[in-house]
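One structure is given here, and the rest of the page talks about it.
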């Protein structure tokens, strides 16, 4: 073929070999890319879950103790407490935290008439209420807190509303005292984050409802700090003296809490992507090489801005 514008057999063999080498390299890269896609997707999901839970905790920790215009709720009860409300007063857990606060723009009013324990109807003053509201902005099926200048406070559920009237149900064992006319009532939230170890979930409880915040959680701790970031131990919140009465009674040391650290360790939900290194995997698996996704630790440090 020489001199006739064609290719020799040797040239064709060399070109074919080069084509095979290049094609093999491209196919290898394509295979690695496709094989690595599930790893990348699961890793992105794991980090996204860590961001979501960090944002949720940060938002509500910053809000804790926030009160109506009259002042922070920490004057009346522990706005941050290391227990679930269903647990006995004075108990403490490193894996549960209850936060109490008045949401921004929440309804607020004063009692027009005294409110004795067990009485299911609260009569509200009209003065200071937003115009064109039925019950000063309160709505049914929400939670509120009643409190007075003597430092008493109780949580209630609002079952129904009427013109200047709230029908309420006591929460947490019932109201501890009678409230005089002029006592305040404000829309409030009492939320609890707690670790469900068997299900490997962080859950959030509010009222009678509980939902999952994040899955595949293998460790949760809440740590507490006083002024100057001095660590506070859980036994300090259990030995008294106790302030208040009934379900809202609490150890006085809780008033010294100025900052909280929440730390969660999350793992991939795909068993075959957990490796063998115990330093990277709290629950080691059998995966090796690049096909592993190490555990992620989400940590937030929040200074309580609404404290006393």
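Within the range 284-297, the presence of a residue that is within 17 Å of residue 45 (Cα to Cα), surrounded by fewer than 19 Cβ atoms within 10 Å (Cβ to Cβ), without any contact (Cβ under 8 Å) to a residue 24 or more places away in the chain and within 20 Å of the chain's Cα centre (by Cα) is excluded. What number of residues within the range 70-88 are over 18 Å from residue 197 (Cβ atoms) and either touching a strand residue (DSSP E or B) at 6+ places or on another chain (Cβ under 7 Å) or part of a helix (DSSP H, G or I) (or both)? Number satisfying all stated conditions: 11. When the test is whether a residue is under 28 Å from the mean Cα position of the chain (by Cα) and not assigned by TED's automatic domain parsing to the domain that holds residue 59, residue 142 passes it. Quick one: which of 65, 35 is assigned to a helix (DSSP H, G or I) and either at pLDDT below 85 or more than 19 Å from the chain's Cα centre (by Cα) (or both)? After applying the criteria, what remains is 35. Criterion applied to 228, 240 was being part of a loop (DSSP other than H, G, I, E, B), surrounded by fewer than 18 Cβ atoms within 10 Å (Cβ to Cβ) and at pLDDT below 90, and the one residue passing it is 240. Filtering the range 256-283 to residues that are surrounded by 19 or more Cβ atoms within 10 Å (Cβ to Cβ), in contact with a helix residue (DSSP H, G or I) (Cβ under 8 Å, 6 or more places away or on another chain) and more than 30 Å from residue 229 (Cβ to Cβ) leaves 268, 273. Each residue in the range 214-225 was checked for being under 17 Å from residue 94 (Cβ atoms) and either in contact (Cβ under 8 Å) with a residue 40 or more places away in the chain or surrounded by fewer than 17 Cβ atoms within 10 Å (Cβ to Cβ) (or both), and 8 of them qualify.
The condition of being touching a strand residue (DSSP E or B) at 6+ places or on another chain (Cβ under 8 Å), under 30 Å from residue 39 (Cα atoms) and assigned to a loop (DSSP other than H, G, I, E, B) holds for only one of 282, 278, that being 282.
In the range 294-308, of all residues being outside any strand (DSSP E or B) and modelled with pLDDT of 90 or more, the one that is nearest to residue 70 (Cα to Cα) corresponds to 295. Tell me whether the range 257-271 contains one or more residues that are farther than 22 Å from residue 300 by Cβ and part of a helix (DSSP H, G or I). Within the range 257-271, one or more residues are farther than 22 Å from residue 300 by Cβ and part of a helix (DSSP H, G or I).
Here residue 131 passes the criteria (1) surrounded by 13 or more Cβ atoms within 10 Å (Cβ to Cβ); (2) over 30 Å from residue 212 (Cβ atoms) except the one numbered (1).
Scanning the range 115-170 for residues that are part of a loop (DSSP other than H, G, I, E, B), modelled with pLDDT under 90 and within 18 Å of residue 100 (Cβ to Cβ) yields 148, 151, 152. When the residues of the range 196-207 are filtered to those that are in contact with a strand residue (DSSP E or B) (Cβ under 9 Å, 6 or more places away or on another chain) and either assigned to a loop (DSSP other than H, G, I, E, B) or assigned by TED's automatic domain parsing to the domain that holds residue 156 (or both), the one that is surrounded by the most Cβ atoms within 10 Å (Cβ to Cβ) is 200. State all residues of the range 82-98 that are crowded, with 22+ Cβ neighbours inside 10 Å and either under 15 Å from residue 155 (Cα atoms) or without any contact (Cβ under 8 Å) to a residue 24 or more places away in the chain (or both); if no residue qualifies, say none. Matches in the range 82-98: 83 only. What are the residue pairs meeting all of these: first residue in the range 54-80, first residue without any contact (Cβ under 8 Å) to a residue 60 or more places away in the chain, second residue surrounded by 19 or more Cβ atoms within 10 Å (Cβ to Cβ), Cβ atoms under 9 Å, and 6 or more apart or on different chains? Every condition considered, the pairs that remain are 69/108. Only a single criterion out of (1) buried (at least 19 other Cβ atoms within 10 Å of the Cβ); (2) over 18 Å from residue 256 (Cβ atoms) is not satisfied by residue 79, namely (2).
The values are calculated or read from the model by the stated rules, or taken from the named source; none is laboratory data. Keep in mind that what you see is a predicted model, and the values were worked out from it rather than measured. Glycine also receives a Cβ, built like all others from the backbone with ideal geometry; neighbour counts cover every protein chain displayed.
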